[in-house]
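Asker: This is the structure, below, for whatever I ask next.
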Amino acid sequence: MLVSSDAEKKNQNNFSFIGLADTGGQMPVTYKIDPSKNLTSFVVYGEISAEDILSAIRPIYENPDLLPTLNVLWDYREGVPDPLIRDEDIEKIASYLSNHATKRAGGKTAIVARADLEFDISKKYEFFTRLKGLSITVEVFRSLGEAMLWLDERD
């Protein structure tokens with residue numbers, strides 16, 4: 001994970017920063033943490049595997065200098081999941097998050113997936129998070145606008 005030295009401070013200090021997730025030389029996943037909106041946005045470029053997704057989220061949950069935001073946005077408009085991704089891979093991501101779900105209890109994850117492949121894979125992920133009883137609500141959208149409106153809604 002690459003972040004500026006200023007970003008090494010706890011993100012509770014209400015500043016935003018952008019990081020580049022280490023996806024092992026694959027096309028990057030960038031992320032932006034915006035504490036003022038309580039939102040972490042991930043943007044995927046190119047093809048991404050389940051392991052790439054885990055590599056992108058691990059620093060957020062495992063780095064003591066970063067605090068997970070309540071809401072998360074995954075934007076696949078410029079990227080695609082590996083077409084060979086299996087249900088077991090999707091469940092592995094959901095399992096990882098279930099181990100860290102208390103850090104975002106009551107939070108929301110919006111996934112923007114325009115194409116059918118991304119949408120179908122994302123819906124499977126939504127299913128696995130519900131199956132595991134995560135305290136995070138996951139919804140899949142076709143447009144960024146719809147996703148942001150949903151994230152902004154108060155429950």
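Asker: Are any of the pairs K37/K92; K92/K124; K103/K124; K32/K124; K37/K123 more than 20 Å apart by Cα-Cα distance, and if so, which? Write out the running numbers ahead of the final one.
Answerer: Numbers: K37/K92 28 Å; K92/K124 12 Å; K103/K124 23 Å; K32/K124 25 Å; K37/K123 25 Å.
Beyond 20 Å: K37/K92; K103/K124; K32/K124; K37/K123.
Asker: Please compute the length gained on full extension between E139 and L117, using 0.36 nm multiplied by the number of residues separating them and subtracting their Cα-Cα distance. Working shown, then result.
Answerer: Working: separation 22, 0.36 × 22 = 7.92 nm, distance 1.57 nm.
Answer, rounded to one decimal: 6.3 nm.
Asker: I need the Debye-formula profile for the stretch 101-155: one equal scatterer per C-alpha, no solvent, reported as log10 I(q)/I(0) at q = 0.16, 0.18, 0.23, 0.29 1/Å, two decimals.
Answerer: -0.48, -0.60, -0.90, -1.14
Asker: Would you mind ranking T129, T40 by Cβ crowding within 10 Å, fewest neighbours first?
Answerer: So the residues, fewest neighbours to most, are T129, T40.
Asker: How many angstrom lie between the Cα centre of the stretch 137-154 and the Cα centre of the stretch 66-111?
Answerer: The stretch 137-154 and the stretch 66-111 have Cα centres spaced 14 Å from each other.
Asker: Under the classification rounded if a/c is under 1.5, otherwise prolate if a/b is larger than b/c and oblate if not, where does the stretch 42-97 fall, given a ≥ b ≥ c as square roots of the Cα gyration tensor eigenvalues? If you can, show how the numbers build up before the last one.
Answerer: Details: a/c = 2.19, a/b = 1.41, b/c = 1.56.
Since a/c reaches 1.5 but b/c is at least a/b, the shape of the stretch 42-97 is classed as oblate.
Any read-out appearing in this document is the output of simple, stated calculations on the displayed coordinates, not a laboratory observation. Everything quoted here is computed from the prediction, not taken from an experiment. Virtual Cβ from ideal backbone geometry, glycine too; neighbours counted across all protein chains shown.
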